[in-house]
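The values are calculated or read from the model by the stated rules, or taken from the named source; none is laboratory data. Being a predicted model, the structure only gives us computed values, none of them experimental. Cβ placement follows ideal geometry from the backbone for every residue including glycine, while neighbour counts extend to all protein chains displayed.
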Amino acid sequence: MTNTTEIKRVFSGSSWEPKIGYCRAVRAGQHIYVSGCAPVKDGQIVGKGDPEAQAARCIEIIQGALKELGADLSHVVRTRLYCANAERDWEAIGRAHAAAFGKHPPATTLAQVALIESEMLIEIEADAYFPE
């Protein structure tokens, strides 16, 4: 049996990608997997102290990766939200998530974790299904 699924990768240019050995997103046939996106722009953390702004920035990065692979946020079927302080920030993060995905809500999980940078309040990853 031959596997004919083409694999496409999108890179963000982040210095973390070669250090850790990952890419921003991978498309395998009809499935797209977007790595965890942190609230960074031009190497700087966006929205310091503002979980809603940080979540919105993460979703903006996801949207950009999906676009490069021919999809958009309406194709997202699952998100995973990793936040530094769920009790304090879940509502603000939820507002940003609902604003982006409210018309096409994915399955989702929000978990409290330790993030790599103390000023990062949220990191979001996404899976999408995009019929060819």
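Brief remarks on what is shown
- Subset tally (residues that are touching a residue at least 40 places away in the same chain (Cβ under 8 Å) and surrounded by 14 or more Cβ atoms within 10 Å (Cβ to Cβ)) for the stretch 7-30: 7
- Of the listed requirements (1) over 10 Å from the mean Cα position of the chain (by Cα); (2) among the polar types (S, T, N, Q); (3) surrounded by fewer than 19 Cβ atoms within 10 Å (Cβ to Cβ); (4) part of a helix (DSSP H, G or I), Gln54 misses just one: (3).
- Complete set of residues in the stretch 65-88 that are in contact with an Asp or Glu (Cβ under 9 Å, 6 or more places away or on another chain), among the basic types (Lys, Arg) and over 22 Å from Gly49 (Cα atoms): Arg78
- Condition broken by Glu119, with the remaining ones in (1) in contact (Cβ under 8 Å) with a residue 60 or more places away in the chain; (2) outside any loop (DSSP other than H, G, I, E, B) satisfied: (2)
- In the stretch 1-50, the residue that is farthest from Asp127 (Cα to Cα) out of those that are aromatic (Phe, Trp, Tyr) and modelled with pLDDT under 95 is Trp16.
- Test: Leu110 is crowded, with 16+ Cβ neighbours inside 10 Å and in contact with a His (Cβ under 9 Å, 6 or more places away or on another chain): yes
- From Leu66, Leu73, Leu81, residue being of a type outside the set (D, E, K, R), without any contact (Cβ under 8 Å) to a residue 40 or more places away in the chain and either surrounded by 23 or more Cβ atoms within 10 Å (Cβ to Cβ) or under 17 Å from Lys103 (Cβ atoms) (or both): Leu73
- The set of residues in the stretch 31-45 being surrounded by 10 or more Cβ atoms within 10 Å (Cβ to Cβ), assigned to a loop (DSSP other than H, G, I, E, B) and of a type in the set (Gly, Ala, Ser) consists of Ala38 alone.
- Against the list (1) under 14 Å from the mean Cα position of the chain (by Cα); (2) closer than 27 Å to Gln30 by Cα, the condition Gly70 fails is (1).
- Considering the stretch 113-132, and only residues there that are over 14 Å from Thr79 (Cα atoms) and touching a Phe, Trp or Tyr at 6+ places or on another chain (Cβ under 8 Å), the residue that is surrounded by the most Cβ atoms within 10 Å (Cβ to Cβ) turns out to be Leu115.
- Considering the conditions (1) at pLDDT below 95; (2) acidic (Asp, Glu); (3) in contact with a helix residue (DSSP H, G or I) (Cβ under 6 Å, 6 or more places away or on another chain), Asp89 is excluded by exactly one of them, (1).
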